[in-house]
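Here the structure comes first, spelled out in C-alpha cells, and everything after it is commentary.
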Amino acid sequence: MEPRTCLDCGEPLRGRADQKFCNDLCRNSYNNKKLSGSTNFMRKINRILKTNHAILESLNPEEKSTTIKSVLEKQGFNFKYYTNTYTTKTGRIYYFCYDQGYCEVESNKFILVKNEEN
C-alpha cells in the first residue's frame, strides 16, 4: 500500500484513513489554488451584475420609475451585463439584473421596473 501524502505539500499523512491534507493551511491553500482560475472571471461578472442591480434598485424605489441613460452611466451602470430578458407581446424587451429591470422607451429614456415573481 502506497503511503498517503498531503494533496498540497506532499508530506506524509498520519491519522484518519480518509485524510487528504496535513493541516488547515494546506487544505485552504489547495482549495484556493483550485478555485482561483475560472472563478476570478465569474467574480468579476458577478460584481458587475451586483453593481447594476444596486444602481437600478436605488433609482427605482417605487418599483416603477423612469430615468435617462446618462444617470445610469454616471453611476457606473454596464449595459453589457444582465441576467435575463423578457419580451412583451408588443415586442418591447426588458433587460433584468436579477429582479430589477429596465427598458429603453425613447432615445436615452428608460423605464425601470421590479419583477416580483419568485
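What trypsin sites (Lys or Arg not before Pro) does segment 7-116 have in DSSP loop regions with at most 15 other beta carbons within 10 Å? The partial results should precede the final answer.
Values: sites: R14, R16, K20, R27, K33, K34, R43, K44, R47, K50, K64, K69, K74, K80, K89, R92, K109, K114; in loops: R14, R16, K20, K80, K89, R92.
Qualifying residues, ordered by number: R14, R16, K20, K80, K89, R92.
On a straight-distance basis, which aspartates and glutamates could pair with K89 in a cross-link, Cα separation under 17 angstrom, same-chain partners fewer than 8 positions away excluded?
Answer for K89, where 17 Å is the Cα cut-off: E104, listed by chain and number.
If we count every other residue with Cβ under 14 angstrom of K34's Cβ, Lys/Arg +1 and Asp/Glu -1, where does the sum land?
Every neighbour counted, the sum reads +2.
Using θ = phi - 60° and the Karplus form 6.51 cos²θ - 1.76 cosθ + 1.60, what ³J(HN,Hα) does each residue of segment 95-111 get, whole Hz, x for Gly and Pro?
Working through the residues one at a time gives 9, 10, 10, 6, 9, 9, x, 8, 8, 7, 9, 9, 4, 6, 10, 10, 8 Hz.
I want to check the label-to-label distance for F41 and N78. Put each point 7 Å from Cα in the C-beta direction and report it in nm to one decimal.
If labels sit at F41 and N78, their model points lie 1.4 nm apart.
Within segment 31-112, which GluC sites (Glu not before Pro) sit in a loop by DSSP and count at most 14 neighbouring Cβ atoms inside 10 Å?
Passing sites in segment 31-112 are E62, E63.
Compute the long axis of helix 24-59 from its Cα atoms, compare it with the longest principal axis of the Cα atoms of the chain, and write down the angle in degrees, 0 to 90, nearest 10.
Roughly 10 degrees, rounded to the nearest 10.
Quick one: if you stick a label point 7 Å off each Cα along the C-beta vector at L49 and A17, how many nm between them?
So the label points at L49 and A17 sit 4.2 nm apart.
Around E73, under 15 Å between beta carbons, what's the net of Lys plus Arg minus Asp minus Glu among the other residues?
+3
Throughout, read-outs are computed from the coordinates displayed, never taken from laboratory work. Remember, predicted model here, so these are calculated numbers, not experimental data. FYI the Cβ positions are ideal-geometry reconstructions off the backbone, even for glycines, and counts take in every protein chain you see.
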